[in-house]
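The values are calculated or read from the model by the stated rules, or taken from the named source; none is laboratory data. Note that the coordinates shown come from a computational prediction; the quantities given were computed from them, not determined experimentally. Virtual Cβ from ideal backbone geometry, glycine too; neighbours counted across all protein chains shown. These accessible areas exclude ligands, DNA and RNA; they are computed on the full protein's heavy atoms, side chains included. Shrake-Rupley method; radii C 1.70, N 1.55, O 1.52, S 1.80 Å.
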Amino acid sequence: NKDNDNSYMPKQWVGCDVEAEYMGEERKQSKEDRKRLSKRDRSKYKKTDQKMLKKAEDSSDDSLPTGRVLSIKSQEIIVEYEGKIYRCMLRGILKKERNNMKNLVTVGDMVRFEPLNENEGAITFVNPRKSVLSRADNLSRRKEHLIAANIDQVLITASVVNPPLKPFLIDRYIIATQKGNMNPVLIVNKVDLLENNEDPFVLEEKELYEEFLKAYAKSGFPIISISAETGEGLEALRDIMKDKSSVFSGQSGVGKSSLINKITGIDLTVGETVSHTKKGAHTTTSAQLIPLSFGGWCIDTPGIKSFGLWNLTPEEVEPYFDEIIEAGHHCKFPDCSHRHEKECAVIAAVEEGTISIIRYASYIALLDTLAEEHKRR
C-alpha cells in the first residue's frame with residue numbers, strides 16, 4: 001500500500017542496453033531529439049504568455065524565412081530553404097489551431113519558420129495553399145487528412161490485372177482533385193499484362209480497360225496508358241510532368257514508386273502485389289517531395305485501399321459528372337434522381353450507350369456511399 005508503506009518508491013524507468021538492442025539507436029535518438037526540441041517549444045507557457053507570444057510572432061512572421069515542406073516524419077518536418085535542409089517542429093501555439101484537420105502541415109506546404117540553429121527550426125505559420133489534395137480520415141471520417149499542397153496536377157495512378165482497374169476509386173480521386181483546385185491526369189499502369197494472354201480474367205479486364213478508355217476520354221480527362229516494365233508511355237508521362245508540380249496518388253500496388261523510379265532515376269522502395277488477393281502492399285510510408293531534372297517536382301504518396309471524400313454531400317456529386325448533368329436537363333422531372341423515374345433522360349442515355357455504364361454505376365455507388373455516411377453522422 002503506497003499510503004502506509006514507507007518503503008514505497010515510485011517506479012523509475014531507465015534506458016539500458018536491452019532497449020538499444022531491441023528498440024534500436026534510432027528510437028533513442030528520436031527521444032533525445034524530441035527532448036531537445038521540446039525545450040524550445042513555448043507551448044508550455046501559461047495562457048497569458050501565449051497571447052503575448054502570439055502577438056509577437058504575428059508581428060515578426062513577415063521577417064521569418066519561408067521554406068517548402070519536403071517530407072513529414074513521425075517526430076519532425078523536413079523543410080528546405082535556399083538549398084539548406086532544416087528539421088522542424090510545430091510551434092506550440094500553431095498546434096492549438098487544429099480543428100477538423102488530422103494534420104496541420106503537409107508535403108508541398110510553404111511555411112514560415114524560425115531557425116533555431118544550423119539545421120533545426122520551429123514552424124510558426126503555414127502560408128495559404130493554392131491547392132490541396134485531401135481525403136476523409138479513414139478512422140473517424142470527421143477529420144480532413146491532407147495529402148499534398150500547392151500542386152498543379154494529380155497523377156491518378158491505376159493499374160490493370162494486378163491489382164485490377166477500379167473506376168469507382170478513380171472517380172473519387174477525380175472529384176477530390178477538382179475540388180482541391182488541381183487538374184486530374186489518369187495513368188493506367190501495367191498495360192503489358194493485357195498482351196498475349198488468354199486467361200479469362202485478363203480478357204475480362206481488357207474489355208473493362210477498353211470501355212474505360214472510351215468513357216473517360218469522352219469526359220475530357222488526359223489518359224496515359226503506361227508500363228513501367230516495358231517503358232511504354234514513359235515519354236508521354238515526362239512531357240505532362242515537365243515544369244509542373246505533380247502528385248502521384250492511387251491504390252496500393254499500382255506501381256507509383258516504380259514509375260517515379262523510371263522517371264527520376266532514383267531508387268524508391270517497390271513492393272509486390274499479393275497474387276491471391278490482387279492487392280498491393282504499402283511500400284511508401286510517408287509522402288515526399290522529389291525534384292525533377294527536366295523541371296518541376298513530384299510527390300510520391302502512400303497507397304490506399306479506400307478513399308473517403310472530404311466534405312462532400314450527395315447534392316454536390318452531380319456537377320462532377322458532366323455527361324449526367326447534360327442529359328439530366330432533358331429529364332421529365334426537375335428533381336429526377338436518375339435511378340428509377342419514368343422518362344429519365346440519364347437512364348435512357350445509359351441504355352443507348354451515350355453515357356457509359358461505368359460512369360453511371362460509379363455515380364450511383366458514390367451517392368449511396370455518401371448517403372450512408374451522412375446517416376451515420
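Considering only segment 245-256, I want to know if a residue exists there that is in contact (Cβ under 8 Å) with a residue 40 or more places away in the chain, in contact with an Asp or Glu (Cβ under 8 Å, 6 or more places away or on another chain), open to solvent by less than 60 Å² (accessible area, probe 1.4 Å) and basic (Lys, Arg). Yes, segment 245-256 has at least one match.
Filtering segment 212-234 down to residues that are part of a helix (DSSP H, G or I) and modelled with pLDDT of 95 or more, which residue is nearest to ASP171 (Cα to Cα)? Checking each candidate, the answer is PHE212. With respect to the conditions (1) surrounded by 14 or more Cβ atoms within 10 Å (Cβ to Cβ); (2) over 25 Å from GLN75 (Cβ atoms); (3) modelled with pLDDT under 90, THR283 lacks only one, and its number is (2). For PRO167, state whether it is of a type outside the set (Ser, Thr, Tyr) and crowded, with 18+ Cβ neighbours inside 10 Å. Yes: the conditions hold for PRO167. The single condition among (1) of a type in the set (Val, Ile, Thr); (2) touching a residue at least 60 places away in the same chain (Cβ under 8 Å); (3) open to solvent by 60 Å² or more (accessible area, probe 1.4 Å) that THR230 does not meet is (2). When the residues of segment 78-92 are narrowed to those that are touching a Phe, Trp or Tyr at 6+ places or on another chain (Cβ under 9 Å) and among the aliphatic types (A, V, I, L, M), which ends up least open to solvent (accessible area, probe 1.4 Å)? Top of the filtered list is VAL79.
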